[in-house]
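A.B. asks: The following block contains the structure, expressed as structure tokens.
The values are calculated or read from the model by the stated rules, or taken from the named source; none is laboratory data. Note that the structure is a prediction, hence the values are computed from the model and not measured. Here the Cβ positions follow ideal geometry from the backbone for every residue, glycine too, while neighbour counts run over all protein chains shown. Side chains included, ligands, DNA and RNA excluded: accessible areas come from the protein's heavy atoms. Shrake-Rupley method; radii C 1.70, N 1.55, O 1.52, S 1.80 Å.
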Number of protein chains: 2
Amino acid sequence: MENRGTIQHLINELTKLPGIGRRTAERLAYFILKEDGGLGKSIADAILDVKRRVRFCEVCGNMTEKELCEICEDNRRDRGLVCVVEEPKDVWALERMGTYRGLYHVLMGAISPLDGIGPEDLRIRELLNRIEKERVKEVIVATDPNVEGDATALYISKLVKPLGVPVTRIASGLPVGGDLEYADSVTLSKALSGRRPL
Amino acid sequence: MENRGTIQHLINELTKLPGIGRRTAERLAYFILKEDGGLGKSIADAILDVKRRVRFCEVCGNMTEKELCEICEDNRRDRGLVCVVEEPKDVWALERMGTYRGLYHVLMGAISPLDGIGPEDLRIRELLNRIEKERVKEVIVATDPNVEGDATALYISKLVKPLGVPVTRIASGLPVGGDLEYADSVTLSKALSGRRPL
């Protein structure tokens with residue numbers, strides 16, 4: 001059918017998004033076509049806006065619309081504290097907490113040989129440069145508590161420690177409000193080995 | 001964070017799509033931001049293209065880029081046979097089959113009082129006009145085999161029969177290649193009551 005060309009093209013493009021299969025893409029494309037409240041145009045505009053205006057902070061790699069992100073620009077922040085995370089969205093998560101007052105460093109991923117991501121694909125060199133140039137007093141590694149995140153944390157600590165800067169890792173254990181009975185055994189063993197004096 | 005405005009706007013727009021929650025929208029927006037192969041722009045363009053070029057056939061309601069869809073324009077089609085479906089994507093499904101040579105009529109939904117969709121919201125009036133004007137010999141109702149689709153089929157048959165045109169309904173029963181043992185009892189009872197002489 002001739003009319004399938006245009007809509008088929010949209011379906012093909014949508015399937016390139018993560019977690020969007022052919023069925024979902026068909027449903028979305030069809031919804032966009034049928035909907036007449038201007039949602040299609042506003043989504044297209046929002047995508048173009050994001051691609052045009054949002055970029056990554058030259059220092060920490062966080063999302064920004066300027067050269068430096070507002071966290072790096074904020075002089076009330078503790079510039080001696082650098083929290084290393086995998087993705088800009090992890091910065092959002094930590095900022096929502098509202099209590100951390102240091103700076104960040106976004107790696108843009110984690111070491112994952114299976115996905116072909118090595119240390120040279122991450123912003124680790126930039127981190128070492130920052131530590132050498134600025135007076136960093138502590139590096140907190142807040143990569144995800146999984147195999148890739150732990151490997152990345154270990155790799156970073158081996159590079160940073162020789163520079164004389166202490167490296168810490170966020171705690172793994174039972175989530176607050178969780179139930180011991182339902183905790184998986186890996187988390188439970190992490191919680192046990194990470195026990196602290198009361 | 002100032003930079004969250006633009007990306008937050010995209011996330012908000014994406015959550016308006018069916019089946020896209022906040023988490024998925026965040027993941028998609030973030031992927032679009034990070035990806036640098038031009039996917040963002042090509043999705044935006046594809047959406048605008050669909051909204052600009054694709055519309056609904058004036059006769060049958062199928063998708064088209066012209067006034068009439070190519071099925072309605074095709075003179076080799078049996079113009080006496082009209083297959084009534086709920087959505088344009090149902091036309092695709094039937095066309096994939098490759099054996100139906102009649103025309104279609106898309107209702108743009110099914111009667112569903114719970115969702116506030118009554119007969120007047122569907123293209124039923126247009127169907128009756130078509131039957132009166134054109135020489136339709138049979139109306140095949142191929143709405144979905146569920147409560148809404150069955151109610152719609154019944155409603156249409158009551159309006160079309162007085163015009164002297166036979167109305168048929170597609171068969172419900174066990175899917176080909178299915179297993180009797182695993183069939184649900186409603187489907188099984190439909191298959192039994194719809195039995196045909198061998």
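A.B. asks: In nm, to one decimal, how far is the A:L154 label point from the B:F31 one, both placed 7 Å along Cα→Cβ?
C.D. replies: Going by the 7 Å Cα→Cβ label model, 3.0 nm.
A.B. asks: Hey, another quick one. So, how do all the Cα-to-Cα distances of the range A:4-53 break down into 5 Å bins, in percent, from 0 on up?
C.D. replies: Going out from 0 Å in 5 Å bins, the range A:4-53 shows 4, 21, 24, 27, 18, 5, 0 percent.
A.B. asks: By how many nm would the segment from B:L198 to B:E73 lengthen if fully extended, with 0.36 nm per residue of separation less the alpha-carbon distance? Provide the component values of the computation, followed by the final result.
C.D. replies: Values: separation 125, 0.36 × 125 = 45.00 nm, distance 3.84 nm.
Between B:L198 and B:E73, full extension yields an extra 41.2 nm.
A.B. asks: With +1 assigned to the C-beta of every Lys and Arg and -1 to the C-beta of every Asp and Glu, and no other charges, what is the dipole magnitude of the range B:25-94 about the Cα centre in debye, to the nearest 20?
C.D. replies: Roughly 120 debye, rounded to the nearest 20.
A.B. asks: Separate question: Quick one: if the Förster radius is 45 Å, what FRET efficiency do A:D115 and B:K190 give, using the C-beta to C-beta distance and rounding to 0.05?
C.D. replies: The calculated FRET efficiency here is 0.40.
A.B. asks: Roll a 1.4 Å probe over the protein chains and send me the accessible area per residue for the range B:4-53 in Å².
C.D. replies: 45 Å²
A.B. asks: How big is the convex hull of the Cα atoms of the range B:60-197, per residue, in Å³?
C.D. replies: Per residue, the Cα convex hull of the range B:60-197 comes to 146 Å³.
A.B. asks: Right, another one. Looking at the range B:105-149, which trypsin sites (Lys or Arg not before Pro) are in a loop (DSSP not H, G, I, E or B) and have at most 16 other Cβ atoms within 10 Å?
C.D. replies: Passing both the DSSP loop test and the Cβ count: B:R135, B:K137.
A.B. asks: How high is the relative contact order of the range A:39-155, in percent, with contacts defined as C-alpha pairs under 8 Å that are six or more residues apart?
C.D. replies: Values: 157 pairs, mean separation 27.8, N = 117.
Answer for the range A:39-155 is 24 percent.
A.B. asks: Cut-off 10 angstrom, C-alpha nodes, Gaussian network model of chain A. Which of A:D121, A:D49, A:D150 fluctuates the most?
C.D. replies: Fluctuation is largest for A:D49.
A.B. asks: Please check the range B:85-102 for residues whose accessible area, probe 1.4 Å, is lower by 20 Å² or more when all protein chains are in place than in their chain alone.
C.D. replies: Output list: B:E87, B:K89, B:W92, B:R96.
A.B. asks: Once you list every other residue whose beta carbon is under 13 Å from the beta carbon of B:A25, what net charge do they have if Lys and Arg are +1 and Asp and Glu are -1?
C.D. replies: My count for the surroundings of B:A25 gives +3.
A.B. asks: Turning to a different aspect of this structure: Can you return the aspartates and glutamates within cross-link range of A:K16? Criterion is Cα-Cα under 15 Å, with same-chain partners fewer than 8 residues away left out.
C.D. replies: Once the sequence-local aspartates and glutamates are set aside, what remains near A:K16 is A:E26, B:E35, B:D36, B:D45.
A.B. asks: Express in whole angstrom the spacing between the alpha-carbon centres of the range B:166-189 and the range B:111-139.
C.D. replies: Centre-to-centre distance over Cα atoms comes out at 26 Å.
A.B. asks: In the range A:24-81, what trypsin sites (Lys or Arg not before Pro) fall in a loop by DSSP, with at most 12 other Cβ atoms inside 10 Å?
C.D. replies: Values: sites: A:R27, A:K34, A:K41, A:K51, A:R52, A:R53, A:R55, A:K66, A:R76, A:R77, A:R79; in loops: A:K66, A:R76, A:R77.
Qualifying residues, ordered by number: A:R76.
A.B. asks: Based on the Cβ-Cβ distance from A:K161 to B:N146, what FRET efficiency comes out when R0 is 56 Å, to the nearest 0.05?
C.D. replies: The computed FRET efficiency comes out at 0.30.
A.B. asks: List the residue from chain A whose beta-carbon is nearest to the axis that rotates chain A onto chain B, together with that distance in whole Å.
C.D. replies: Closest to the axis: A:A44, 2.
A.B. asks: In square angstrom and rounded to 100, what buried accessible area do you get between chains A and B, total over both, with the probe at 1.4 Å?
C.D. replies: 5400 Å²
A.B. asks: Here is a follow-up. Note down the nm distance, to one decimal, between modelled labels 7 Å out along Cα→Cβ at B:H9 and at B:K66.
C.D. replies: In this crude label model, B:H9 to B:K66 measures out at 3.9 nm.
A.B. asks: Which whole-number percentage describes the relative contact order of chain A, with Cα contacts under 8 Å and a sequence gap of 6 or more?
C.D. replies: 13 percent
A.B. asks: When each pair of different Cα atoms in the protein assembly as shown is counted once in the 1/r mean, what is the Kirkwood radius in angstroms, to one decimal? Mind showing how you got there, number by number?
C.D. replies: Working: mean 1/r = 0.0387 Å⁻¹.
For the protein assembly as shown, inverting the mean 1/r across all distinct Cα pairs yields 25.8 Å.
A.B. asks: In deg cm²/dmol and to the nearest 500, what is the mean residue ellipticity at 222 nm of the protein assembly as shown if only DSSP H runs of at least 4 residues count, each as -39500 (n - 2.57), divided by the residue total?
C.D. replies: -13000 deg cm²/dmol
A.B. asks: Let me ask another. Among the trypsin sites (Lys or Arg not before Pro) within the range B:151-198, which fall in a DSSP loop and have no more than 13 other Cβ atoms within 10 Å of their own Cβ?
C.D. replies: Those satisfying the criteria are B:R195.
A.B. asks: Using a 1.4 Å probe over the heavy atoms of the protein chains, calculate the carbon and sulfur portion of the accessible area of the range A:60-197 as a whole percent.
C.D. replies: Solvent-exposed carbon and sulfur of the range A:60-197 make up 54 percent of the total.
A.B. asks: Using protein chains only (no ligands, no nucleic acids) and a 1.4 Å probe, work out which residues of the range A:62-80 have their accessible area cut by at least 40 Å² relative to the chain alone.
C.D. replies: A:M63, A:E65, A:E70
A.B. asks: Say the cut-off is 31 Å between C-alpha atoms; which of B:K89/B:K133; A:K34/A:K66; A:K51/B:K51; A:K66/A:K137; A:K89/A:K133 go over it?
C.D. replies: From B:K89/B:K133; A:K34/A:K66; A:K51/B:K51; A:K66/A:K137; A:K89/A:K133, over 31 Å: A:K34/A:K66.
A.B. asks: What size of dipole, in debye to the nearest 20, comes out for the range B:4-53 about its Cα centre when the only charges are +1 on Lys and Arg C-beta atoms and -1 on Asp and Glu C-beta atoms?
C.D. replies: Numbers: 10 positive and 6 negative charges, 39 e Å.
That gives a dipole near 180 debye.
A.B. asks: Something else now. Using the heavy atoms of the protein chains and a 1.4 angstrom probe, tell me the accessible area per residue for the range B:90-168 in square angstrom.
C.D. replies: For the range B:90-168, the solvent-accessible area averages 54 Å² per residue.
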